[in-house]
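The values are calculated or read from the model by the stated rules, or taken from the named source; none is laboratory data. Quick caveat: nothing in here was measured; it's all calculated off a predicted structure. So basically every Cβ, Gly included, is an ideal-geometry build from the backbone, and we count neighbours across all protein chains shown.
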Amino acid sequence: MKDTSHDTSHAELHAEISDQFDTTAMATETTLLNPRFYTTDFDEMDRIDVSPVRGDWDKLLAQMKSDPNRGHFKKNEDWDQIDWQGMDPALRAEFIDFLVSSCTAEFSGCVLYKEMKRRGNNPDICELFSYMSRDEARHAGFINDALREAGVAVNLGFLTKAKKYTYFRPRFIYYATYLSEKIGYARYITIFRHLEAHPEQRFHPIFKWFRQWCNDEFSHGEAFALLMRTDPKITESWQARLWIRFFLVAVYSTMWVRDHARPEFHKALGVDIDWYDQEVYRKTSTIARQVFPVEIDIDHPRWLPGLRRMDAAMRDMEKAQKKGGLGGWIAHKAASARAMAAFAGLYLIPVKDNRPPASVRLEPSY
Ligand SMILES: [Fe+2]
Ligand SMILES: [Fe+2]
(Lines give C-alpha, C1' and ligand atoms only; values in the text may rest on other atoms or scores of the structure.)
(Ligands and ions follow the chains in the order given, each with its own letter.)
Protein backbone atom coordinates (compact mmCIF):
# COMPACT_ATOMS: atom_id res chain seq x y z
CA MET A 1 0.00 0.00 0.00
CA LYS A 2 1.17 3.47 -0.77
CA ASP A 3 2.09 5.57 2.24
CA THR A 4 0.24 8.80 1.55
CA SER A 5 1.12 10.49 4.83
CA HIS A 6 4.73 10.38 3.76
CA ASP A 7 3.83 11.90 0.39
CA THR A 8 1.91 14.68 2.07
CA SER A 9 4.66 15.62 4.46
CA HIS A 10 7.12 15.47 1.61
CA ALA A 11 4.96 17.78 -0.48
CA GLU A 12 4.52 20.14 2.44
CA LEU A 13 8.21 20.19 3.03
CA HIS A 14 8.85 20.99 -0.62
CA ALA A 15 6.31 23.78 -0.51
CA GLU A 16 7.77 25.16 2.68
CA ILE A 17 11.37 25.15 1.44
CA SER A 18 10.58 26.26 -2.10
CA ASP A 19 8.63 29.23 -0.75
CA GLN A 20 11.78 30.33 0.98
CA PHE A 21 14.25 29.75 -1.82
CA ASP A 22 13.74 30.83 -5.39
CA THR A 23 16.91 29.08 -6.47
CA THR A 24 16.52 29.94 -10.15
CA ALA A 25 16.37 33.62 -9.22
CA MET A 26 19.38 33.13 -6.93
CA ALA A 27 21.33 31.57 -9.80
CA THR A 28 20.23 34.18 -12.35
CA GLU A 29 21.21 37.17 -10.24
CA THR A 30 24.36 38.96 -11.35
CA THR A 31 26.33 40.32 -8.43
CA LEU A 32 30.02 40.74 -7.83
CA LEU A 33 30.13 37.45 -5.98
CA ASN A 34 27.79 35.12 -7.85
CA PRO A 35 29.28 32.78 -10.43
CA ARG A 36 28.93 34.32 -13.89
CA PHE A 37 28.31 33.03 -17.38
CA TYR A 38 30.98 33.84 -19.93
CA THR A 39 31.21 34.36 -23.62
CA THR A 40 34.29 35.00 -25.73
CA ASP A 41 35.70 35.41 -29.22
CA PHE A 42 35.02 31.87 -30.36
CA ASP A 43 36.67 32.37 -33.76
CA GLU A 44 39.93 33.39 -32.16
CA MET A 45 39.81 30.34 -29.92
CA ASP A 46 39.08 28.18 -32.91
CA ARG A 47 42.38 29.25 -34.49
CA ILE A 48 44.51 27.72 -31.73
CA ASP A 49 47.08 25.30 -33.05
CA VAL A 50 47.92 22.63 -30.51
CA SER A 51 50.89 21.18 -32.43
CA PRO A 52 53.48 22.59 -29.98
CA VAL A 53 51.95 20.41 -27.24
CA ARG A 54 50.71 17.57 -29.45
CA GLY A 55 52.18 14.66 -27.45
CA ASP A 56 50.68 15.75 -24.11
CA TRP A 57 47.50 16.83 -25.83
CA ASP A 58 46.80 13.46 -27.42
CA LYS A 59 47.44 11.66 -24.13
CA LEU A 60 45.11 13.94 -22.18
CA LEU A 61 42.37 13.74 -24.79
CA ALA A 62 42.60 9.95 -24.93
CA GLN A 63 42.13 9.88 -21.16
CA MET A 64 39.12 12.20 -21.39
CA LYS A 65 37.66 10.18 -24.22
CA SER A 66 37.88 6.98 -22.14
CA ASP A 67 35.53 8.78 -19.73
CA PRO A 68 36.62 7.20 -16.43
CA ASN A 69 33.76 8.85 -14.52
CA ARG A 70 31.02 7.70 -16.87
CA GLY A 71 29.08 5.86 -14.17
CA HIS A 72 30.07 8.03 -11.22
CA PHE A 73 27.41 10.74 -11.11
CA LYS A 74 24.48 8.56 -10.16
CA LYS A 75 22.86 8.09 -6.80
CA ASN A 76 23.48 4.63 -5.41
CA GLU A 77 23.27 2.93 -2.00
CA ASP A 78 25.85 5.40 -0.65
CA TRP A 79 23.35 8.18 -1.10
CA ASP A 80 21.82 8.66 2.35
CA GLN A 81 18.40 10.21 2.69
CA ILE A 82 18.53 13.69 4.14
CA ASP A 83 16.07 15.14 6.59
CA TRP A 84 15.79 18.58 5.02
CA GLN A 85 12.97 19.56 7.30
CA GLY A 86 14.86 18.67 10.45
CA MET A 87 17.96 20.58 9.36
CA ASP A 88 18.79 23.72 11.29
CA PRO A 89 17.25 26.54 9.19
CA ALA A 90 20.42 28.66 9.15
CA LEU A 91 22.47 25.68 7.98
CA ARG A 92 19.82 24.75 5.44
CA ALA A 93 19.83 28.27 3.97
CA GLU A 94 23.62 28.34 3.66
CA PHE A 95 23.80 24.82 2.30
CA ILE A 96 21.20 25.54 -0.37
CA ASP A 97 23.12 28.71 -1.22
CA PHE A 98 26.29 26.62 -1.51
CA LEU A 99 24.60 24.08 -3.78
CA VAL A 100 23.03 26.75 -5.98
CA SER A 101 26.29 28.60 -6.37
CA SER A 102 28.19 25.36 -7.12
CA CYS A 103 25.54 24.27 -9.60
CA THR A 104 25.67 27.68 -11.33
CA ALA A 105 29.45 27.53 -11.55
CA GLU A 106 29.40 24.00 -13.00
CA PHE A 107 26.66 24.93 -15.43
CA SER A 108 28.49 28.09 -16.44
CA GLY A 109 31.39 25.86 -17.57
CA CYS A 110 28.96 23.61 -19.40
CA VAL A 111 27.40 26.50 -21.33
CA LEU A 112 30.73 28.06 -22.31
CA TYR A 113 32.31 24.76 -23.36
CA LYS A 114 29.26 23.65 -25.29
CA GLU A 115 29.16 26.93 -27.19
CA MET A 116 32.82 26.59 -28.05
CA LYS A 117 32.23 23.10 -29.38
CA ARG A 118 29.19 24.28 -31.35
CA ARG A 119 30.91 27.27 -32.96
CA GLY A 120 34.28 25.71 -33.62
CA ASN A 121 35.67 24.02 -36.71
CA ASN A 122 39.03 23.06 -35.28
CA PRO A 123 38.76 19.30 -34.56
CA ASP A 124 41.17 19.39 -31.59
CA ILE A 125 39.29 22.21 -29.94
CA CYS A 126 35.86 20.76 -30.67
CA GLU A 127 36.83 17.38 -29.26
CA LEU A 128 38.21 18.87 -26.05
CA PHE A 129 35.20 21.08 -25.45
CA SER A 130 32.75 18.28 -26.10
CA TYR A 131 34.35 16.19 -23.31
CA MET A 132 34.48 19.11 -20.93
CA SER A 133 30.87 20.16 -21.53
CA ARG A 134 29.83 16.53 -21.03
CA ASP A 135 31.54 16.50 -17.61
CA GLU A 136 30.19 19.87 -16.47
CA ALA A 137 26.64 18.93 -17.51
CA ARG A 138 26.94 15.86 -15.29
CA HIS A 139 28.31 17.87 -12.40
CA ALA A 140 25.60 20.52 -12.61
CA GLY A 141 22.92 17.85 -13.04
CA PHE A 142 24.11 15.90 -10.02
CA ILE A 143 24.04 18.97 -7.76
CA ASN A 144 20.65 19.88 -9.13
CA ASP A 145 19.38 16.39 -8.21
CA ALA A 146 20.40 17.11 -4.62
CA LEU A 147 18.49 20.41 -4.79
CA ARG A 148 15.49 18.64 -6.30
CA GLU A 149 15.26 16.45 -3.19
CA ALA A 150 14.72 19.60 -1.20
CA GLY A 151 12.17 20.75 -3.80
CA VAL A 152 14.33 23.61 -5.02
CA ALA A 153 16.02 22.54 -8.26
CA VAL A 154 17.38 25.34 -10.44
CA ASN A 155 15.69 25.73 -13.82
CA LEU A 156 18.83 25.38 -15.92
CA GLY A 157 17.09 25.88 -19.26
CA PHE A 158 15.72 29.19 -18.06
CA LEU A 159 19.10 30.16 -16.70
CA THR A 160 20.77 29.72 -20.10
CA LYS A 161 18.41 32.30 -21.56
CA ALA A 162 17.94 34.69 -18.66
CA LYS A 163 21.43 34.98 -17.23
CA LYS A 164 23.63 37.85 -18.28
CA TYR A 165 26.80 36.79 -20.11
CA THR A 166 30.13 38.47 -19.39
CA TYR A 167 32.50 38.84 -22.34
CA PHE A 168 36.16 37.95 -21.82
CA ARG A 169 38.88 37.83 -24.45
CA PRO A 170 40.13 34.26 -24.99
CA ARG A 171 43.31 34.98 -23.07
CA PHE A 172 41.29 36.02 -20.02
CA ILE A 173 39.09 32.97 -20.41
CA TYR A 174 42.24 30.84 -20.16
CA TYR A 175 43.43 32.53 -16.97
CA ALA A 176 40.01 32.58 -15.30
CA THR A 177 38.91 29.12 -16.38
CA TYR A 178 42.24 27.46 -15.70
CA LEU A 179 42.16 28.95 -12.22
CA SER A 180 38.58 28.03 -11.51
CA GLU A 181 39.14 24.43 -12.64
CA LYS A 182 42.23 24.05 -10.46
CA ILE A 183 40.54 25.80 -7.53
CA GLY A 184 37.55 23.51 -8.05
CA TYR A 185 39.88 20.54 -7.79
CA ALA A 186 41.56 21.93 -4.67
CA ARG A 187 38.23 22.75 -2.99
CA TYR A 188 36.65 19.37 -3.66
CA ILE A 189 39.68 17.35 -2.64
CA THR A 190 40.30 19.39 0.53
CA ILE A 191 36.72 18.87 1.71
CA PHE A 192 36.84 15.22 0.70
CA ARG A 193 40.07 14.58 2.66
CA HIS A 194 38.74 16.45 5.67
CA LEU A 195 35.53 14.38 5.72
CA GLU A 196 37.46 11.20 5.14
CA ALA A 197 39.16 11.91 8.47
CA HIS A 198 35.91 13.15 10.11
CA PRO A 199 33.06 11.15 8.57
CA GLU A 200 30.72 12.13 11.43
CA GLN A 201 30.68 15.65 10.02
CA ARG A 202 29.51 14.65 6.59
CA PHE A 203 25.95 15.98 6.87
CA HIS A 204 25.05 15.30 3.24
CA PRO A 205 25.99 12.40 0.91
CA ILE A 206 27.08 14.61 -1.99
CA PHE A 207 30.51 15.07 -0.39
CA LYS A 208 31.20 11.35 -0.88
CA TRP A 209 31.23 11.99 -4.63
CA PHE A 210 33.90 14.71 -4.48
CA ARG A 211 36.93 12.49 -4.99
CA GLN A 212 36.32 11.31 -8.55
CA TRP A 213 34.61 14.60 -9.25
CA CYS A 214 37.74 16.58 -8.51
CA ASN A 215 39.69 14.47 -11.00
CA ASP A 216 37.45 15.76 -13.78
CA GLU A 217 38.21 19.33 -12.71
CA PHE A 218 41.89 18.50 -12.56
CA SER A 219 41.99 17.32 -16.16
CA HIS A 220 39.95 20.31 -17.33
CA GLY A 221 42.61 22.49 -15.75
CA GLU A 222 45.30 20.46 -17.50
CA ALA A 223 43.64 21.12 -20.83
CA PHE A 224 43.75 24.89 -20.24
CA ALA A 225 47.37 24.62 -19.13
CA LEU A 226 48.17 22.97 -22.45
CA LEU A 227 46.20 25.61 -24.38
CA MET A 228 48.22 28.35 -22.66
CA ARG A 229 51.44 26.53 -23.50
CA THR A 230 50.69 26.64 -27.22
CA ASP A 231 51.83 30.25 -27.32
CA PRO A 232 54.44 31.76 -24.98
CA LYS A 233 52.87 35.22 -25.33
CA ILE A 234 49.82 34.05 -23.38
CA THR A 235 51.76 33.75 -20.14
CA GLU A 236 55.21 35.23 -20.62
CA SER A 237 54.78 38.86 -21.67
CA TRP A 238 54.87 41.57 -18.97
CA GLN A 239 51.19 42.34 -19.62
CA ALA A 240 50.37 38.67 -19.11
CA ARG A 241 52.16 38.72 -15.75
CA LEU A 242 50.09 41.69 -14.60
CA TRP A 243 46.84 40.16 -15.76
CA ILE A 244 47.57 36.76 -14.23
CA ARG A 245 48.35 38.52 -10.97
CA PHE A 246 45.05 40.39 -11.27
CA PHE A 247 43.06 37.21 -11.86
CA LEU A 248 44.77 35.42 -8.99
CA VAL A 249 43.90 38.19 -6.55
CA ALA A 250 40.37 38.58 -7.91
CA VAL A 251 39.56 34.87 -7.83
CA TYR A 252 41.20 34.23 -4.45
CA SER A 253 39.59 37.20 -2.73
CA THR A 254 36.16 36.44 -4.17
CA MET A 255 36.43 32.92 -2.83
CA TRP A 256 37.36 34.28 0.61
CA VAL A 257 34.35 36.59 0.76
CA ARG A 258 31.95 33.94 -0.53
CA ASP A 259 33.13 31.27 1.91
CA HIS A 260 33.05 33.63 4.87
CA ALA A 261 29.40 34.35 4.11
CA ARG A 262 28.64 30.70 5.04
CA PRO A 263 29.71 30.28 8.68
CA GLU A 264 27.05 27.69 9.60
CA PHE A 265 27.83 25.51 6.60
CA HIS A 266 31.51 25.36 7.46
CA LYS A 267 30.79 24.89 11.16
CA ALA A 268 28.64 21.85 10.33
CA LEU A 269 31.49 20.41 8.27
CA GLY A 270 33.91 21.19 11.09
CA VAL A 271 36.01 23.29 8.72
CA ASP A 272 37.77 26.46 9.83
CA ILE A 273 37.18 28.81 6.89
CA ASP A 274 40.49 30.67 7.20
CA TRP A 275 42.37 27.38 7.24
CA TYR A 276 40.33 25.94 4.39
CA ASP A 277 40.79 28.93 2.11
CA GLN A 278 44.51 29.18 2.75
CA GLU A 279 44.80 25.45 2.12
CA VAL A 280 42.95 25.77 -1.20
CA TYR A 281 45.16 28.73 -2.23
CA ARG A 282 48.26 26.76 -1.31
CA LYS A 283 47.29 23.72 -3.36
CA THR A 284 46.14 25.86 -6.30
CA SER A 285 49.30 27.97 -6.28
CA THR A 286 51.51 24.90 -6.15
CA ILE A 287 49.69 23.38 -9.12
CA ALA A 288 49.66 26.66 -11.04
CA ARG A 289 53.46 26.68 -11.06
CA GLN A 290 53.06 24.44 -14.11
CA VAL A 291 52.04 27.44 -16.18
CA PHE A 292 51.86 30.80 -14.36
CA PRO A 293 54.99 32.95 -14.20
CA VAL A 294 53.95 34.53 -10.88
CA GLU A 295 52.59 33.26 -7.60
CA ILE A 296 50.73 35.17 -4.88
CA ASP A 297 52.58 35.27 -1.56
CA ILE A 298 49.81 33.99 0.68
CA ASP A 299 52.13 33.94 3.71
CA HIS A 300 52.88 37.65 3.39
CA PRO A 301 51.89 39.56 6.56
CA ARG A 302 49.54 41.81 4.56
CA TRP A 303 47.67 38.95 2.83
CA LEU A 304 45.17 37.82 5.48
CA PRO A 305 44.51 41.33 6.87
CA GLY A 306 43.86 42.49 3.29
CA LEU A 307 41.36 39.69 2.71
CA ARG A 308 39.60 40.52 5.98
CA ARG A 309 39.35 44.19 5.01
CA MET A 310 37.93 43.19 1.66
CA ASP A 311 35.38 40.90 3.32
CA ALA A 312 34.27 43.60 5.77
CA ALA A 313 33.91 46.16 2.97
CA MET A 314 31.87 43.78 0.82
CA ARG A 315 29.54 43.01 3.71
CA ASP A 316 29.02 46.72 4.29
CA MET A 317 28.28 47.18 0.59
CA GLU A 318 25.58 44.54 0.82
CA LYS A 319 24.08 46.08 3.96
CA ALA A 320 24.03 49.51 2.34
CA GLN A 321 22.35 48.13 -0.76
CA LYS A 322 19.62 46.55 1.35
CA LYS A 323 19.13 49.78 3.27
CA GLY A 324 18.59 51.76 0.07
CA GLY A 325 17.80 55.47 -0.11
CA LEU A 326 20.36 58.26 -0.12
CA GLY A 327 21.96 57.04 3.10
CA GLY A 328 22.31 53.58 1.59
CA TRP A 329 23.75 55.00 -1.61
CA ILE A 330 26.40 57.01 0.24
CA ALA A 331 27.28 54.07 2.49
CA HIS A 332 27.53 51.85 -0.56
CA LYS A 333 29.95 54.23 -2.30
CA ALA A 334 32.08 54.47 0.82
CA ALA A 335 32.18 50.71 1.28
CA SER A 336 33.00 50.03 -2.36
CA ALA A 337 35.89 52.51 -2.16
CA ARG A 338 37.17 50.51 0.82
CA ALA A 339 36.78 47.27 -1.13
CA MET A 340 38.76 48.71 -4.02
CA ALA A 341 41.47 49.95 -1.66
CA ALA A 342 41.64 46.50 -0.08
CA PHE A 343 41.90 44.92 -3.51
CA ALA A 344 44.69 47.30 -4.52
CA GLY A 345 46.50 46.49 -1.27
CA LEU A 346 46.32 42.77 -2.05
CA TYR A 347 47.37 43.32 -5.65
CA LEU A 348 50.43 45.27 -4.58
CA ILE A 349 51.79 42.55 -2.29
CA PRO A 350 55.03 41.48 -3.99
CA VAL A 351 54.53 38.28 -5.97
CA LYS A 352 56.91 35.35 -6.16
CA ASP A 353 58.53 34.72 -9.51
CA ASN A 354 58.14 31.33 -11.01
CA ARG A 355 59.70 29.60 -13.98
CA PRO A 356 57.27 26.98 -15.28
CA PRO A 357 58.94 23.59 -15.97
CA ALA A 358 59.66 22.34 -19.48
CA SER A 359 57.03 19.64 -19.16
CA VAL A 360 53.65 21.03 -18.27
CA ARG A 361 51.55 17.97 -17.40
CA LEU A 362 50.69 17.05 -13.79
CA GLU A 363 48.69 14.33 -12.11
CA PRO A 364 46.33 14.90 -9.17
CA SER A 365 48.37 14.27 -6.03
CA TYR A 366 46.41 15.52 -2.99
FE1 LIG B 1 32.79 20.59 -12.91
FE1 LIG C 1 35.53 21.58 -14.74
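Is it the case that D49 is in contact with a Ser or Thr (Cβ under 7 Å, 6 or more places away or on another chain) and farther than 26 Å from Y165 by Cα? In short, yes. In segment 303-316, is there at least one residue being part of a loop (DSSP other than H, G, I, E, B), among the charged types (D, E, K, R), surrounded by fewer than 18 Cβ atoms within 10 Å (Cβ to Cβ) and in contact with a helix residue (DSSP H, G or I) (Cβ under 7 Å, 6 or more places away or on another chain)? Within segment 303-316, none of the residues are part of a loop (DSSP other than H, G, I, E, B), among the charged types (D, E, K, R), surrounded by fewer than 18 Cβ atoms within 10 Å (Cβ to Cβ) and in contact with a helix residue (DSSP H, G or I) (Cβ under 7 Å, 6 or more places away or on another chain). Keeping to segment 220-252, report how many residues are surrounded by 21 or more Cβ atoms within 10 Å (Cβ to Cβ) and among the polar types (S, T, N, Q). Qualifying residue count, segment 220-252: 1. For segment 231-247, the criterion of a residue being at pLDDT 95 or above and within 16 Å of ligand 2 (Cβ to nearest atom) is satisfied by no position. For segment 169-194, a residue qualifies if it is buried (at least 18 other Cβ atoms within 10 Å of the Cβ), over 17 Å from the mean Cα position of the chain (by Cα) and under 27 Å from I234 (Cβ atoms), and the qualifying residues are P170, R171. Is segment 146-157 home to any residue that is part of a helix (DSSP H, G or I), more than 14 Å from ligand 1 (Cβ to nearest atom), modelled with pLDDT of 95 or more and not hydrophobic (A, V, I, L, M, F, W, C)? Scanning segment 146-157, I find no residue that is part of a helix (DSSP H, G or I), more than 14 Å from ligand 1 (Cβ to nearest atom), modelled with pLDDT of 95 or more and not hydrophobic (A, V, I, L, M, F, W, C), so the answer is no.
Can you find a residue in segment 86-98 that is surrounded by 16 or more Cβ atoms within 10 Å (Cβ to Cβ), within 16 Å of ligand 1 (Cβ to nearest atom) and assigned to a helix (DSSP H, G or I)? Please lay out each step first, then the result.
Residues of segment 86-98 that are surrounded by 16 or more Cβ atoms within 10 Å (Cβ to Cβ), as a first pass: 87, 91-98.
Still in the list and also within 16 Å of ligand 1 (Cβ to nearest atom): 98.
In the following step, the residues that additionally are assigned to a helix (DSSP H, G or I) were identified as 98.
Checked segment 86-98: at least one residue is surrounded by 16 or more Cβ atoms within 10 Å (Cβ to Cβ), within 16 Å of ligand 1 (Cβ to nearest atom) and assigned to a helix (DSSP H, G or I).
Inside segment 127-148, residues that are surrounded by fewer than 19 Cβ atoms within 10 Å (Cβ to Cβ) and of a type in the set (G, A, S) make up a count of 2. Given the condition under 15 Å from the mean Cα position of the chain (by Cα), within 16 Å of ligand 1 (Cβ to nearest atom), of a type in the set (D, E, K, R) and at pLDDT 95 or above, answer yes or no: does some residue in segment 127-134 qualify? There is no residue in segment 127-134 that is under 15 Å from the mean Cα position of the chain (by Cα), within 16 Å of ligand 1 (Cβ to nearest atom), of a type in the set (D, E, K, R) and at pLDDT 95 or above.
Of all residues being of a type in the set (A, V, I, L, M) and within 21 Å of T284 (Cα to Cα) in segment 181-208, which is farthest from ligand 1 (Cβ to nearest atom)? Just the residue, please.
Looking at the filtered set, the residue picked out is L195.
Counted as qualifying within segment 13-82 are the helices (runs of 4 or more DSSP H) with 3 or more residues that are at pLDDT 95 or above and of a type outside the set (K, R), namely 54-66. Just checking, does segment 174-182 include any residue being more than 16 Å from ligand 2 (Cβ to nearest atom), farther than 30 Å from L91 by Cα, touching a helix residue (DSSP H, G or I) at 6+ places or on another chain (Cβ under 8 Å) and in a helix (DSSP H, G or I)? Scanning segment 174-182, I find no residue that is more than 16 Å from ligand 2 (Cβ to nearest atom), farther than 30 Å from L91 by Cα, touching a helix residue (DSSP H, G or I) at 6+ places or on another chain (Cβ under 8 Å) and in a helix (DSSP H, G or I), so the answer is no. Scan segment 209-229 for residues that are more than 10 Å from ligand 2 (Cβ to nearest atom) and in contact with a Lys or Arg (Cβ under 7 Å, 6 or more places away or on another chain) and the total you get is 1. Being over 22 Å from the mean Cα position of the chain (by Cα) and either surrounded by fewer than 17 Cβ atoms within 10 Å (Cβ to Cβ) or charged (D, E, K, R) (or both) narrows it down to one residue among H332, H300; which is it? None of the others qualify; the one that does is H300.
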